[in-house]
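The block underneath contains the structure these notes are about, expressed in structure tokens.
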């Protein structure tokens, strides 16, 4: 039996469908910038038939170098705050939006485990950021429980929920 806060594949598909409807109603393309989820947010969105009508691009950036080269994250930000920080996710989401023609971007960065955690940033620490074109980036810190799969699955669910809110709220 799955933990109730851990979204199932069906839950993610349903959430992605709601994002799709909201994006299409607003005639907006969406873009994803992902680290700890390895492209799972983009996969959830593109599992939907016809997603090319509203899904622009997905970028997976695990290394500092990739975050800098593909999303324009400042090396000083990464040195000062690390990859898993509000500053980094804000620069990731802003960079994704500036590099593509999308109207909404989401970015995720975190520590999915099983290793990599520290006392300050334990496994399950995830930052998610959202930004609409012409708007301000919003970032939120999450502390998810469970193994790598559970942390990643909860991250995808939270990212999709935030996209829906950014589109409809």
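The values are calculated or read from the model by the stated rules, or taken from the named source; none is laboratory data. The shown structure was predicted, so the numbers you read here are calculated from the model rather than taken from an experiment. Note that each Cβ is placed from the backbone with ideal geometry, even for glycine, and that neighbours are counted across all protein chains shown.
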- Task: Output the residue which, of all residues in segment 83-101 that are out of contact with any helix residue (DSSP H, G or I) (no Cβ under 7 Å at 6 or more places or on another chain) and part of a loop (DSSP other than H, G, I, E, B), is nearest to residue 33 (Cα to Cα).
- Result: 100
- Query: Between residues in segment 65-87 that are on the phi > 0 side of the Ramachandran plot and modelled with pLDDT of 95 or more and residues that are outside any loop (DSSP other than H, G, I, E, B) and surrounded by fewer than 16 Cβ atoms within 10 Å (Cβ to Cβ), which pairs lie under 6 Å by C-beta distance while being six or more apart or on different chains?
  - Reply: none
- Query: Taking residue 39, is it touching a residue at least 24 places away in the same chain (Cβ under 8 Å) and under 17 Å from the mean Cα position of the chain (by Cα)?
  - Reply: no
- Those residues of segment 32-69 which are part of a helix (DSSP H, G or I) and surrounded by 20 or more Cβ atoms within 10 Å (Cβ to Cβ) amount to 40, 41, 42, 44, 45, 67
- Note on the structure: Among residues of segment 102-115 being touching a strand residue (DSSP E or B) at 6+ places or on another chain (Cβ under 6 Å) and not in a strand (DSSP E or B), the residue nearest to residue 72 (Cα to Cα) is 102
- Item | Matching residues, segment 100-135, being loosely packed, with under 15 Cβ neighbours inside 10 Å and closer than 19 Å to residue 22 by Cβ | 101, 133, 134, 135
- Item | Residue check for residue 114: at negative phi and without any contact (Cβ under 8 Å) to a residue 24 or more places away in the chain | no
